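K.L.:
Have a look at this one before I ask anything.
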Amino acid sequence: MVTMNSSNKTNETTEDLCSVVSSYLDLYVSAPALETVQKNIKGQAQIASLGAMLSIVADHIYAHGIDYNKQYLADLPKEEIEARIKSFGQFIELQENNTEKTADITRSTMDYINNDSSRKYLLNYLMREINWITISLLSGSYISALILMRSTFELTVGIATRETGGMTDRIYSIPYLKDNEKKIIKDHWFRLCAWGHPFGKWQKEVCPIFVSHKPSYHPILFSLCLDEFVQLLDFFLVVAVVKYELGIADLKREFSESHIDLSGLNLFCHRAAA
């Protein structure tokens, strides 16, 4: 009987907590998101279109994208290439021998494979963060959306290049971007960086009265965030197409069949039209 009472009390507590969490999410996520849909159906439709586009691109990367970093391997010095050929050859010859030497060769070969990969696994992180950008944008958490965009931008650069210097150097090291494209992307980076600090942009462009109330739709901030979001995905789309050698014609066909809105995706559209 005591156990039953204890169990009932636990269930009641869990139900109470679920109710509190549900109310919290309704206030800070669902309500402002629904307000956004009601007041800017076109903007919300564009976000949905971008999400569908990203899913198509991700599917193509997983199914057809190359697994190795072609540009990185092409730029390796002769001795590095020979070291890889030797390691892979030894691995094939000795993989059936259970010796310490075989273990060393296996470890060395796996290190090369991991180091030279096209880093598809980073796509999982990117997709998750883009989902949170979408949620933040829809629910009126505009500063959060911009901060997440900055991190996602940096992740995209990490997929695009192995350069580890400053961000300008990293952007300009991406070989398949034209100079004018690199400038556009660099300017985008600096705009996003300005939102990464709690002063300046926050105080100048987000009204203190607006942030002191419960989350709600703000047309100017929504438009600003959506423009930055489109440019971020445009950058990623170009990286994905070139880095993973995706077929632009196949993507265009699927985009058309899914009625994807390509408005603002200028870098991609320019390449697709070439």
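Quick note: the coordinates plus some simple rules give every number you see, no bench work behind them. Nothing here was measured: the structure is a model prediction, and the numbers come from that model. Cβ sites come from the backbone with ideal geometry, for glycine too, and all protein chains shown count toward neighbours.
K.L.:
Take the residue pairs K42/K178; K183/K204; K42/K243; K186/K243; K78/K182 and return only those whose Cα atoms are more than 21 Å apart.
P.N.:
On the way: K42/K178 32 Å; K183/K204 25 Å; K42/K243 32 Å; K186/K243 19 Å; K78/K182 29 Å.
Going by Cα-Cα distance, K42/K178; K183/K204; K42/K243; K78/K182 fall outside the 21 Å limit.
K.L.:
Moving on. Could you tally the net charge around Y172, taking each other residue with its Cβ under 10 Å from the Cβ of Y172, Lys/Arg +1 and Asp/Glu -1? Before the final figure, lay out each step's value.
P.N.:
On the way: positive: R170, K182, K183, K186; negative: E163, D169, D179.
My count for the surroundings of Y172 gives +1.
K.L.:
Cβ under 14 Å from S144's Cβ, S144 left aside: what net charge do those residues give with Lys, Arg +1 and Asp, Glu -1? Before the final figure, lay out the partial values.
P.N.:
On the way: positive: R150, K201; negative: E129, E228.
For residues surrounding S144, the net value is 0.
K.L.:
Please report M167, M149 as a ranked list, fewest other C-beta atoms within 10 angstrom at the top and most at the bottom.
P.N.:
Fewest-to-most Cβ neighbours within 10 Å comes out as M167, M149.
K.L.:
Another one. Rounded, prolate or oblate: which one fits segment 131-274, using the alpha carbon gyration tensor with axes a ≥ b ≥ c (rounded when a/c is under 1.5, else prolate when a/b beats b/c, else oblate)?
P.N.:
It comes out oblate by the Cα gyration axes.
K.L.:
Now for a separate question. Fewest Cβ neighbours within 10 Å first, please rank E181, E163, E15 accordingly.
P.N.:
Listed from fewest to most nearby Cβ atoms, that is E15, E163, E181.
K.L.:
Okay, next question. Starting with the fewest neighbours, write out I185, I147 ranked by other beta-carbon atoms found within 10 Å of each beta-carbon.
P.N.:
I147, I185
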